[in-house]
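The values are calculated or read from the model by the stated rules, or taken from the named source; none is laboratory data. What you see is a predicted model, and the numbers here were worked out from it, not measured in a lab. For neighbour counting, all protein chains shown are included, and Cβ atoms are generated from backbone atoms with ideal geometry for every residue, glycine included. Calculation scope for accessible area: heavy atoms of the full protein, side chains included, ligands and nucleic acids excluded. Shrake-Rupley method; radii C 1.70, N 1.55, O 1.52, S 1.80 Å.
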Amino acid sequence: MMESLTHFLDQVWFVILALFLLLYVMLDGFDLGVGILSLTSSDEQRRSILMTSLGNVWDANETWLVLMGGALFGAFPLAYATILNALYIPIFGMIFGLIFRAVAFEFREHAENKLVWNFAFGAGSFLAALSQGFALGGVLQGIAVDELGHFTGGMWDWLDWRSLLVALTLIQGYVLIGSTYLIMKTEGELQVIHYRTAKLAALTTLVGAVLITITTPFVSENIRTKLFHEPEIYVFAVIPILGLLFMGLLLRSLKQREETTPFIWTILIFLITFIGLGLIVFPYIIPPSITIYQAAASPSALVFMITFIGFLIPIMLFYNIYNYVVFRGKVTES
């Protein structure tokens with residue numbers, strides 16, 4: 001009875017961490033996507049509109065990353081230590097990129113010459129997205145550990161063609177969700193531009209996702225075994241079908257110049273992709289060796305954390321929703 005309860009708590013915290021990561025990827029994803037797109041803006045007036053569209057929401061978006069890091073440290077301390085050790089370089093790159101873009105965002109408002117800070121904001125967004133992609137690719141390809149779960153690999157283990165493919169695909173995904181967000185927030189010629197960037201990013205994201213889906217079973221024996229085992233094979237077969245369906249609906253909505261539905265379809269694409277990744281990884285928290293049951297903190301610690309973080313989650317969700325409702329609508333030229 002006690003063992004079943006302990007396993008249930010471990011699973012609950014796996015789901016909570018997955019929720020935090022999903023919210024961060026979707027919310028800060030369009031934030032980073034807009035930052036990357038700002039590098040392609042042809043003049044300062046258009047770039048100012050892009051920056052203004054983020055001005056009241058980007059701080060709240062990144063709180064989910066902070067909360068996820070704290071929750072991982074408390075719920076799965078072994079995973080926190082091992083993953084940060086294995087992915088030190090991409091995680092440091094992500095933090096540096098996020099700090100760089102935050103400083104640039106604030107300094108740009110008061111600078112007479114905005115060129116340097118414009119580039120810093122876009123480059124910081126790109127670096128953060130690239131680093132997150134490498135970190136995700138490094139986790140999916142597996143982390144070398146000993147029998148105690150301690151990292152035994154090298155500092156560059158995360159860097160290969162598979163993690164590069166994941167990183168480039170994630171960047172395109174962020175550009176896609178950033179473009180669909182800007183379709184809702186802009187109008188006129190700027191909106192037309194982002195219909196085009198959204199279509200291009202959708203196609204490149206689709207190509208990357210297909211390549212990842214095809215190649216992953218060939219390079220990972222554990223994932224190949226899980227994918228082609230009954231009855232899981234039927235569940236995993238549905239996910240790419242739904243992904244293609246949502247992608248088709250997204251492309252149709254872009255062709256018909258709809259404003260809100262492209263963002264909705266993009267969110268659903270992110271959601272179905274995330275569900276697929278979660279099912280592939282579970283129950284491992286350090287693929288392919290350490291499960292959530294091996295890496296979890298004590299049951300009393302997990303219950304204590306649920307009591308406080310469980311109280312915090314609805315407050316943060318309410319704040320995010322309220323923030324977006326208050327600052328809804330178009331951003332226009334002043």
Original post:
Within segment 124-150, can you find the residues that are part of a loop (DSSP other than H, G, I, E, B) and hydrophobic (A, V, I, L, M, F, W, C)?
Top reply: Ile143, Ala144, Leu148
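Conditions (1) touching a strand residue (DSSP E or B) at 6+ places or on another chain (Cβ under 6 Å); (2) open to solvent by 10 Å² or more (accessible area, probe 1.4 Å); (3) β-branched (Val, Ile, Thr); (4) touching a residue at least 12 places away in the same chain (Cβ under 8 Å), marked per residue:
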residue	(1), (2), (3), (4)
Asp157	no, yes, no, yes
Ser163	no, no, no, yes
Ala167	no, no, no, yes
Tyr174	no, no, no, yes
Gly178	no, no, no, yes
Ile183	no, no, yes, yes
Glu187	no, yes, no, yes
Val192	no, yes, yes, no
Arg196	no, yes, no, no
Original post:
What residue, of Gly138, Gly142, is touching a residue at least 12 places away in the same chain (Cβ under 8 Å), in contact with a strand residue (DSSP E or B) (Cβ under 9 Å, 6 or more places away or on another chain) and either open to solvent by 20 Å² or more (accessible area, probe 1.4 Å) or not aromatic (Phe, Trp, Tyr) (or both)?
Top reply: Gly142
**OP:** Kindly indicate the residue of segment 54-88 that is closer than 15 Å to Ala102 by Cα and open to solvent by less than 20 Å² (accessible area, probe 1.4 Å) and also modelled with the highest pLDDT among those meeting that condition.
**Re:** Leu54
Original post:
What number of residues within segment 286-321 are assigned to a strand (DSSP E or B) and closer than 15 Å to Phe8 by Cα?
Top reply: 1
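Could you tell me whether segment 290-302 includes any residue that is β-branched (Val, Ile, Thr) and touching a residue at least 24 places away in the same chain (Cβ under 8 Å)?
Taking every residue of segment 290-302 in turn, at least one turns out to be β-branched (Val, Ile, Thr) and touching a residue at least 24 places away in the same chain (Cβ under 8 Å).
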**OP:** State which residue pairs qualify: first residue more than 15 Å from Leu165 (Cα to Cα) and inside segment 210-231, second residue part of a loop (DSSP other than H, G, I, E, B) and not small (Gly, Ala, Ser) in any location, beta carbons under 6 Å apart, and separation of 6 or more residues or different chains.
**Re:** Asn222/Pro288
**OP:** Identify, from the list Phe14, Phe20, Phe30, Phe96, the residue that is touching a residue at least 24 places away in the same chain (Cβ under 8 Å), under 17 Å from Ala123 (Cβ atoms), assigned to a helix (DSSP H, G or I) and not hydroxyl-bearing (Ser, Thr, Tyr).
**Re:** Phe96
Original post:
When the residues of segment 89-104 are filtered to those that are over 30 Å from Ile286 (Cα atoms) and open to solvent by 20 Å² or more (accessible area, probe 1.4 Å), which remaining residue is nearest to the chain's Cα centre (by Cα)?
Top reply: Ala102
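Tell me which residues, restricted to segment 266-296, are of a type in the set (Gly, Ala, Ser) and either under 30 Å from Ser179 (Cβ atoms) or crowded, with 19+ Cβ neighbours inside 10 Å (or both). Spell out how you get there, then give the answer.
Initially, segment 266-296 is screened for residues of a type in the set (Gly, Ala, Ser), giving 276, 278, 289, 295-296.
Hits for segment 266-296 are Gly276, Gly278, Ala295, Ala296.
Restricting attention to segment 183-209, and to residues there that are in a helix (DSSP H, G or I) and hydroxyl-bearing (Ser, Thr, Tyr), which single residue is nearest to Met247 (Cα to Cα)? Talk me through it step by step, then tell me what you get.
So the first thing to find is which residues in segment 183-209 are in a helix (DSSP H, G or I), and the list is 183-185, 188-209.
This time we only want the ones that are hydroxyl-bearing (Ser, Thr, Tyr), so: 195, 197, 204-205.
Numbers: Tyr195: 15, Thr197: 15, Thr204: 12, Thr205: 10 Å.
Checking each candidate, the answer is Thr205.
Rundown of residues vs (1) among the charged types (D, E, K, R); (2) in contact with an Asp or Glu (Cβ under 8 Å, 6 or more places away or on another chain); (3) touching a residue at least 24 places away in the same chain (Cβ under 8 Å); (4) within 23 Å of Thr40 (Cβ to Cβ), yes/no style:
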{"position": "Phe76", "(1), (2), (3), (4)": "no, no, yes, no"}
{"position": "Ile83", "(1), (2), (3), (4)": "no, no, yes, no"}
{"position": "Ala104", "(1), (2), (3), (4)": "no, no, no, yes"}
{"position": "Ala120", "(1), (2), (3), (4)": "no, no, no, yes"}
{"position": "Leu127", "(1), (2), (3), (4)": "no, no, yes, yes"}
{"position": "Gly133", "(1), (2), (3), (4)": "no, no, yes, yes"}
**OP:** Please state which of the following conditions Ile264 fails to meet, knowing it meets all the rest: (1) hydrophobic (A, V, I, L, M, F, W, C); (2) free of Cβ contacts under 8 Å to residues at least 40 places away in the same chain; (3) touching an Asp or Glu at 6+ places or on another chain (Cβ under 6 Å).
**Re:** (3)
